[in-house]
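Every number in this text was worked out from the coordinates using simple rules, so none of it is lab data. Please read all numbers here as calculations on a predicted model, not as lab measurements. Cβ coordinates were reconstructed from backbone atoms using ideal geometry, including for glycine residues, and neighbour counts include every protein chain displayed.
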Amino acid sequence: MLEKELLFPKGRIRERVKELGEQIASDYAGKDPLFVGVLNGVVFFFADLMRAISIPVKIDFIRAASYGSRMTSSGEIRISKDVEKPVRGRHIVLVEDIVDTGITIAFILNRMKEKDPASVKVCALMNKVERRQKEVPMDYVGFTIESGFVVGYGLDYNEEYRNLAEIYVLKP
Ligand code: 5GP
């Protein structure tokens, strides 16, 4: 196990997710939104966020596979599991665990726009700004961080640490 340092404790995550849920519920009232979670890291955040939204929600999932090392994004991306519900004319909220270079979410956003939705917005638990390559609109952000590799609350390093209840930064 690598050394890690606590970044966001449980209470802080719970509070922030509640605020995001309230904001989204008020923005999407009457719009019958479809929330699309970007697998796998998002599952814990997604489950908590959906329960923090007081209006009816519909959910679906998409998964992007990238080639290359997990600590960096290589930029080569494909959709390995697409959404299954119809997207045309719907208000879509893409839900991501973390946006780093922006390559993954930019790719998914483009794919989603090709399906002719009424609107698409992006919600990310964390926005990591230092290595951004693709400018993507970040409509809802839980936490902004400069840099570092974070794990826990769904986020992994080589498939470890996902089930930690809090978010940690791995020491290099
Ligand atoms: P991007 O394409 O924006 O560079 O990276 C997006 C994906 O890379 C995230 O969905 C996540 O899977 C992974 N990623 C980026 N930064 C981190 C990080 O700090 N920790 C973990 N566990 N995954 C990360």
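Basic side chains Lys and Arg get +1 at the Cβ, acidic Asp and Glu get -1 at the Cβ, and with that the dipole of the chain about its Cα centre reaches some 320 debye. For the range 99-172 versus the range 1-73, the inter-centroid distance based on Cα atoms is 9 Å. Only Lys, Arg, Asp and Glu carry charge here, each on its Cβ (+1 for the first two, -1 for the last two); on that basis the range 89-135 has a dipole of about 100 debye about its Cα centre. Quick check: from the Cα gyration tensor, does the chain come out rounded (a/c under 1.5), prolate or oblate? Taking the square roots of the gyration eigenvalues as a ≥ b ≥ c, the chain is oblate. Apply the a/c threshold of 1.5 to the C-alpha gyration tensor of the range 105-172 and tell me whether it is rounded, prolate or oblate. Prolate shape, in that a/c is at least 1.5 and a/b is the bigger ratio.
Overall form of the range 1-54: oblate. Here a/c, set by the Cα gyration tensor axes a ≥ b ≥ c, is 1.5 or more, and a/b is not larger than b/c.
Count of lysine pairs in the range 1-147 with Cα atoms under 19 Å apart, counting only pairs 8 or more residues apart in sequence or on different chains? Within the range 1-147, the lysine pair count is 22.
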